[in-house]
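The values are calculated or read from the model by the stated rules, or taken from the named source; none is laboratory data. The structure displayed is predicted, hence computed values, not measured ones. Cβ coordinates were reconstructed from backbone atoms using ideal geometry, including for glycine residues, and neighbour counts include every protein chain displayed. The protein model used for the area step is the full one, side chains on, heavy atoms only, and it has no ligands, DNA or RNA in it. Shrake-Rupley method; radii C 1.70, N 1.55, O 1.52, S 1.80 Å.
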Amino acid sequence: MASTAVKRSSPALPALLRKDSWWMSPMGFVALFTAFSIWVTFRAFQGDYYSTIVTDVATRLFSGNGWLIPNYLTPLYSPTLPSITLGTYHVSPALYILIFPLSFRLSCYYYRKAIYRGYLADPLACAVTEPAPLDKARRLKYNGERTLPLIIMNFHRFAFYAAVVFIVLLWKDTIDAFFFHAANQPWHFGVHVGSIVFLINILLLSAYTFSCHSWRHLIGGSADCYSCSVLARTRYGLWNKVSFLNERHGLWAMASLVSVALTDVYVFLVTTGTLRGPWV
């Protein structure tokens, strides 16, 4: 068989033979994650407009109009915790709540790949060379994730346990989002736009969390024989179902990132009075 000579581009340029739009994935991640980080940082330090049942919000926006008061709590401030006072500065509870879900995301295999490619060009994409001299320098120094600082990423399995706790809390918040009440009246079930927003968000967050490799390993890992017992066969069936979710882990990762931001934006718009009406 005749061989065809392949002409490589300059090693100083981040390109090879790829003619597709390979750059869209890393650049899209950078744009989306940067926007998310800016918004979340603003909201975390704001320390306000995070719940519709805060007395000031409920009285100012709902009671006077005779509208039903919704029971919305933004995922950035869930669970409801008091702020910490350091001297004259009040530390927003979001600053220490977000440590747990963000540690889970930032140590996630998908996010690590996307961050390495998008922010560090390490590399930008498969079959795309790194800009020289970064390529040579990184190859000489890279020793896997076995030394500091990358070895820290191995705590992902423990961050998963914390993420599961938050999923339980956010499911409670979602159920609460389907209950409304008039001033000084008991809560009753209802469906508003916000209820649907919360439901979509928790479904995407659950899909992201339980498509995680750590959960997949807990379900079916460390098993030498899947056919040796009823329990092993059950684990294998569950492992197959989780593997189906795991194949789309990157999709759930980005979709849930967007849904968390949009849910927070929705609560922010409602609590500031930007979105008004009996349907919110």
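Tell me, what is the per residue accessible area of the chain in Å², probe radius 1.4 Å? Working shown, then result.
Values: 15960 Å² over 280 residues.
Each residue of the chain exposes 57 Å² on average to a 1.4 Å probe.
Considering only protein heavy atoms, with the full assembly of protein chains and a 1.4 angstrom probe, order 213, 249, 192 by accessible area, largest first. If you can, show how the numbers build up before the last one.
Numbers: 213 65, 249 10, 192 30 Å².
If we order 213, 249, 192 from most to least accessible, we get 213, 192, 249.
Length, then width, then depth: along the principal axes, the Cα atoms of segment 163-221 run 52, 18, 13 Å.
Note on segment 155-280: Kirkwood hydrodynamic radius from all Cα pairs is 16.8 Å, rounded to one decimal.
Stretched out straight at 0.36 nm per residue, the stretch from residue 251 to residue 91 would grow longer than its current Cα-Cα span by 54.3 nm. Around residue 91, which amide H atoms from residues at least 5 apart in sequence, or from another chain, sit under 5 Å from its own amide H, with H modelled in the peptide plane? Those lying under 5 Å, H to H, from residue 91 are 84, 85, 86. In this simple spin-label model, placing a label point 7 Å from the Cα along the Cα-to-Cβ direction at both residue 223 and residue 187 gives a separation of 3.8 nm. Taken along the Cα-to-beta-carbon direction at a fixed 7 Å, the label points for residue 83 and residue 102 span 1.8 nm.
Compare 225, 126 by solvent-accessible area with a 1.4 Å probe and give them largest first, with all protein chains kept in place.
On the way: 225 45, 126 80 Å².
The ordering from most to least exposed comes out as 126, 225.
Roughly speaking, what % of Cα-Cα pairs in the chain are separated by over 27 Å, rounded to a whole number? Walk me through the numbers on the way to the answer.
Details: 20960 of 39060 pairs.
Counting every Cα pair in the chain, those more than 27 Å apart make up 54 percent.
Across the chain, the longest run free of exposed loop sites, meaning chymotrypsin sites (Phe, Trp or Tyr not before Pro) lying outside DSSP classes H, G, I, E and B with no more than 13 other Cβ atoms within 10 Å, spans 143-278. Can you bin segment 67-121 into rounded, prolate or oblate? Criterion: square roots of the alpha carbon gyration tensor eigenvalues sorted a ≥ b ≥ c, rounded for a/c under 1.5, prolate for a/b above b/c, oblate for the rest. Here segment 67-121 falls in the oblate category. Exposed loop positions in the chain were taken to be trypsin sites (Lys or Arg not before Pro) whose DSSP state is not H, G, I, E or B and which have at most 14 other beta-carbon atoms within 10 angstrom. Between these positions, the longest stretch is 20-145.
Residue 152 contributes about 90 Å² of solvent-accessible surface, heavy atoms of the protein only, 1.4 Å probe. Surface listing: 91, 258 arranged by accessible area from highest to lowest gives 258, 91, probe 1.4 Å. State the percent of C-alpha pairs, over all pairs in segment 36-105, separated by a distance greater than 17 angstrom. When every Cα pair of segment 36-105 is considered, 50 percent fall beyond 17 Å. Absence of a disulfide-compatible partner, taken as no other cysteine beta carbon within less than 4.7 angstrom, is noted in the chain for 108, 126, 212. On the chain, 69 percent of the accessible area sits on carbon and sulfur atoms, based on a 1.4 Å probe.
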